[in-house]
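Engineer: There's a structure below that I have some questions on.
Here, each number is a calculation from the coordinates, and none is a lab measurement. Predicted, not measured: the structure shown is a model, and the values here were computed from it. We place every Cβ from the backbone using ideal geometry, glycine too, and count neighbours over all the protein chains shown.
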Amino acid sequence: MEMNGDLLGIIEQISRQRDVSKEVLIDAIEKALLHAAKKRYGSYRQISVSIDRETGEIKVSTPKKVVDIMTDFSTQIPIEEAQKIDPEAKIGQIIEVESIPKDFGRIAAQTAKQIVTQKIREAERENIYEEYKGSEGQIVSGIVQRYEQHDVIVELDKTEAILPKEEQIKNEDYRRGDRIRALIIEVKHESKDQQVVLSRTHPDLLRRLFEHEVPEITEGLVEIKAIAREPGDRSKVAVLAKSNNLDAVGTCVGMRGSRIQMIVNELGGERIDILEWSSNPSKLISAALSPAKISSVTIDEASKSAKVIVPNDQLSLAIGRKGQNVRLAAKLTGWKIDIKSQSQAEAEAKEKIAKSIFKSPDEN
């Protein structure tokens, strides 16, 4: 039985265009046809199905025993009929006898089309997975399509991605048709589909935006050393210039704030403090607590903690609203930070001196 010639041509075309092996497609069709044939004949019978790779001819055959007098059509073949297939056939021998159902041609065509369609989808999913798997940690741009419960579905160039609720910036409103940029944080490979997971809250989104807007970072002239972020509200970024002739902070801010403003706009108005990195913990902590002015920083290496003294009028600024400034500074630097005003520090010092003076003899 001949397979549909056009279908065989389609298989060859798909094999070239979709990078799917012709052998994989035909093998899958053979297996599907075998399943269909068994349903037709009954699963209790032994059946084999093969497709000629050059002509597309389909052969369905069953093993039958050569007998003198046939008593079971399904498992036997008379010697006269057997010798028409194989002139040297002998009684007692098992030979393969071609046997095709009346409407098997139609079944074969439908099955083949289904398998080709299925394999195309599988190949496309695999190609998309491989393409986006290599893009984890990169920024992509997409169009908001819809909400699924609290998650946002975003259309990318070749697939849909998901922006989970926990990866969305709080109070950001995503509307159908909006173009947004997000970071690919994971590409899942599942049995029926691949899933690209996005984030608008990840610190690396901020890093990639800086790389995009500040060529000196991409060129390696300026390095982002650390990022601390509370998405949608405020972030701190520590940068270091590789040359003494380059102002790392000014480079990232841009002329009249043009570069940093592009990033702020992209993140919905998130405030971004840029500071110069230092390997000296005291200098780094002082810079990280900006815009507050710092009187002194005392470092305790053993506990990796720092005591910071600030002028009285700078205490609330150093701590920040709901403790945000000191919290971000601690996250950025990796040091525990204890802030006190000048008055608090002086009062504690006096109290300590008083206690040491008036110690009882037993305490000495």
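Engineer: Taking the Cα centre of the chain as the origin, how large is its charge dipole in debye, to the nearest 20, when only Lys and Arg (+1) and Asp and Glu (-1) carry charge on their Cβ atoms?
Structural biologist: Values: 56 positive and 60 negative charges, 293 e Å.
Roughly 1400 debye for the chain.
Engineer: For the range 266-364, what D do you get in µm² per second when you plug the Kirkwood radius from alpha-carbon pairs into Stokes-Einstein at 20 °C and 1.002 mPa s? All intermediate terms of the calculation are to be shown ahead of the outcome.
Structural biologist: On the way: Rh = 15.0 Å.
Rounded, D is 143 µm²/s.
Engineer: Calculate the spin-label point distance for Arg175 paired with Glu130, positioning each point 7 Å from the Cα along the beta-carbon direction, and give it in nanometres.
Structural biologist: 4.1 nm
Engineer: Still on this structure, I have one more. Can you give the longest run of the chain that contains no chymotrypsin sites (Phe, Trp or Tyr not before Pro) sitting in a DSSP loop with at most 15 other Cβ atoms inside 10 Å? Intermediate values should be presented prior to the final figure.
Structural biologist: Working: sites that count: Tyr44, Phe73, Phe358.
Formally, the longest exposed-site-free interval is 74-357.
Engineer: When the chain is treated as a GNM, springs tying every alpha-carbon pair under 10 Å, which of Val308, Val253, Val24 comes out with the largest mean-square fluctuation?
Structural biologist: Val24
Engineer: Would you mind checking Lys165/Lys225; Lys59/Lys113; Lys113/Lys133; Lys133/Lys225 for any pair whose Cα atoms are more than 22 angstrom apart?
Structural biologist: In this structure, Lys165/Lys225; Lys113/Lys133; Lys133/Lys225 exceed 22 Å between Cα atoms.
Engineer: To the nearest 0.05, how large is the calculated FRET efficiency for Lys355 and Lys304 if R₀ is 22 Å and r is the Cβ-Cβ distance? Spell out each step's value before the answer.
Structural biologist: Numbers: r = 27 Å, r/R0 = 1.25.
After rounding to 0.05, the efficiency reads 0.20.
Engineer: Now for a different question. Working out 0.36 nm times the residue gap between Glu122 and Ala347, then minus their Cα-Cα distance, what length gain in nm do you get to one decimal?
Structural biologist: Gain on extension, Glu122 to Ala347, equals 73.8 nm.
Engineer: Taking only DSSP H segments of four or more residues, each worth -39500 (n - 2.57), what value at 222 nm results for the chain once the sum is divided by all its residues, to the nearest 500 deg cm²/dmol?
Structural biologist: Details: 12 runs with 139 residues, N = 364.
Helices in the chain give a 222 nm mean residue ellipticity of -11500 deg cm²/dmol.
Engineer: With θ set to phi - 60° and the Karplus curve 6.51 cos²θ - 1.76 cosθ + 1.60, what are the ³J(HN,Hα) couplings of the range 143-148 in order, to the nearest whole Hz, using x for Gly and Pro?
Structural biologist: 10, 5, 9, 5, 9, 10
Engineer: While we're looking at this one, here's another question. How charged is the neighbourhood of Asp338? Take every other residue with its Cβ under 13 Å from the Cβ of Asp338, and add Lys/Arg as +1 and Asp/Glu as -1. Display every interim value, and only then the final one.
Structural biologist: Values: positive: Lys304, Lys307, Arg327, Lys336, Lys340; negative: Asp300, Glu348.
Combined, the nearby Lys, Arg, Asp and Glu give +3.
Engineer: Still on this model: Find me the longest stretch of the chain that has none of the exposed GluC sites (Glu not before Pro), where exposed means in a DSSP loop (not H, G, I, E or B) with at most 11 other Cβ atoms within 10 Å. Let's see the in-between values first.
Structural biologist: Details: sites that count: Glu54, Glu88, Glu190, Glu219, Glu301.
Free of exposed loop sites, the longest segment is 89-189.
Engineer: Given a Förster distance of 22 Å, report the FRET efficiency between Ser258 and Glu230 from their Cβ-Cβ distance, rounded to the nearest 0.05. All intermediate terms of the calculation are to be shown ahead of the outcome.
Structural biologist: Working: r = 24 Å, r/R0 = 1.10.
Given R0 = 22 Å and the Cβ-Cβ separation, E is 0.35.
Engineer: Working only with C-alpha atoms, what are the Rg and Dmax values of the chain, expressed in angstrom?
Structural biologist: Cα only, the chain: 36.8, 126 Å (Rg, Dmax).
Engineer: Further question: Suppose each label sits 7 Å from its Cα in the direction of the beta carbon; what would the Lys188-Lys59 distance come out to in nanometres?
Structural biologist: Computed distance between label sites Lys188 and Lys59 equals 4.7 nm.
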